[in-house]
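The values are calculated or read from the model by the stated rules, or taken from the named source; none is laboratory data. Just so it is clear, the structure is predicted and the values come from calculations on it, not from any experiment. A quick note on method: Cβ atoms are made from the backbone with ideal geometry, for glycine too, and the neighbour counts reach across all protein chains shown. In case anyone asks, the SASA skips ligands and DNA or RNA and just uses the protein heavy atoms, side chains included. Shrake-Rupley method; radii C 1.70, N 1.55, O 1.52, S 1.80 Å.
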Amino acid sequence: MLAAIMLLIISCSSPEDVDPDPIDNSNQPIPLKELFKDHFPIGAAVTPNHMDSRTPHGRALIQHFNSLVAENVMKPDALQRVKGTYTWANADRIIQFAKENNMLVRGHTLTWHSQTPDWFFYDENGELHTPEVAMKQLEEHITAVVSRYKGDVYAWDVVNEAMFDWDPNGQIIYREDSPWYKIMGPAYIDSAFVYAHRADPDAKLFYNDYNSIFSWKRNKIFDLVKRLKDNNIPIHGVGLQGHWNVGTSIQDLRTTLELFRGLGVEIQITELDLSVYLSPNEPGSTTYTEQFNMRQRIAYPEIFRVLLDYSDVITGVTFWGIGDDASWLDTPGRKHFPFLLDEQLQPKPAYLEVQRLIRR
Ligand code: XIL
């Protein structure tokens, strides 16, 4: 009895109780990379002009992020717009900034139907190349790009958006209007992974796609990744782009993470943005209303709760931008405010909700 009372006294006066960590009880934002350090790297999609520590964007990147991806400048049209002529300068700037600031770099993307010059697909008469010619060009591109950044880019989106999108009956598997597919069917997918692995055997290789948490698409991605693995094609993970909104189903996300965890692959959220609109029909706004704020204060921690539950298989979370000042989603009169940092690159109330989730 006495021992129990003593124990109670000792535990009541433990340093934690008497002197609570002042940070935990305040609303002082903790940098994102600190918040998530025990879980996964936190990344941002960037442009070369962000790569300067004297600019607000450069400073925000250094403060909050430990991983970068090029929003555009590592795509095929940026690196090899003209066949045989590579333009590395912009991509190099990102690699350099990442090195100086001890950040990881994801590579995006090697094989895609979009932002890829026509010469990859068509001859001088406008006819589709033969499979042999197209495959050779793909091999050359992937080999050159992956070799150049060997050891600097730790993970590649090897193939982007190869599955057919809106197809509730599951009839159409691949994106058949992709010139890659038109030329050679799905064979380019397998080959792209083999070429990337040959050029850098240490790089993590991902298949990346959007709408990937919806049953009608995730099952196709699952089948693809399973087929690749069964055939010993070097694939290490699935990238869920994460172009979501404040109404995105947490259950769909959980089901998807569960499914891919069962496949034994890594999962990364590669292009996270959480639009404030529930549907494309909602009227647009250029101010961050209290309603938007409330929606994100609820939705953001819900999403991160699920991501934390799967942090054993989630090896990276990357936002598709830095702060609400600029997002690829924005159109005149309609801003999406999709990030945790506001237009001044300062933490939003939703940020503090995410922080509370972790520092409970
Ligand atoms: C987008 C960029 O953000 C835009 O700047 C560009 O004009 C078009 O591409 N899925 C992807 C990304 O994999 O590469 C896309 O990025 C967004 C959708």
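Couple of notes before you dig in:
- Here segment 55-190 was treated as a single set of alpha-carbon atoms; its pair distances binned every 5 Å from 0 give 2, 10, 18, 20, 16, 13, 10, 7, 4, 1, 0 percent.
- In terms of packing, defined here as the mean over residues of other Cβ atoms within 10 angstrom, the peptides 153-160, 208-215 line up highest first as 153-160, 208-215.
- Partner lysines whose Cα lies under 16 Å from the Cα of LYS220, excluding those fewer than 8 positions away in the same chain, are identified as LYS229.
- Amide H contacts of GLY43 (H built 1.01 Å from N, under 5 Å, at least 5 apart or other chain): VAL317, THR318, PHE319
- Across the chain, the convex hull enclosing all Cα atoms gives 180 Å³ per residue.
- Put simply, when 64-71, 300-307 are sorted by average Cβ atoms within 10 angstrom per residue, most first, you get 64-71, 300-307.
- Kyte-Doolittle at least 0.0, axis length at least 18 Å by Cα - qualifying DSSP helices, the chain: 187-199, 250-263
- Taking all protein chains into account, the per residue accessible area for segment 26-158 stands at 44 Å² (1.4 Å probe).
- Mean separation of Cα contacts under 8 Å (6+ apart) over length of segment 263-330, as relative contact order %: 60 percent
- Rg/Rh ratio calculated on Cα atoms of segment 227-342 (Kirkwood radius): 1.04
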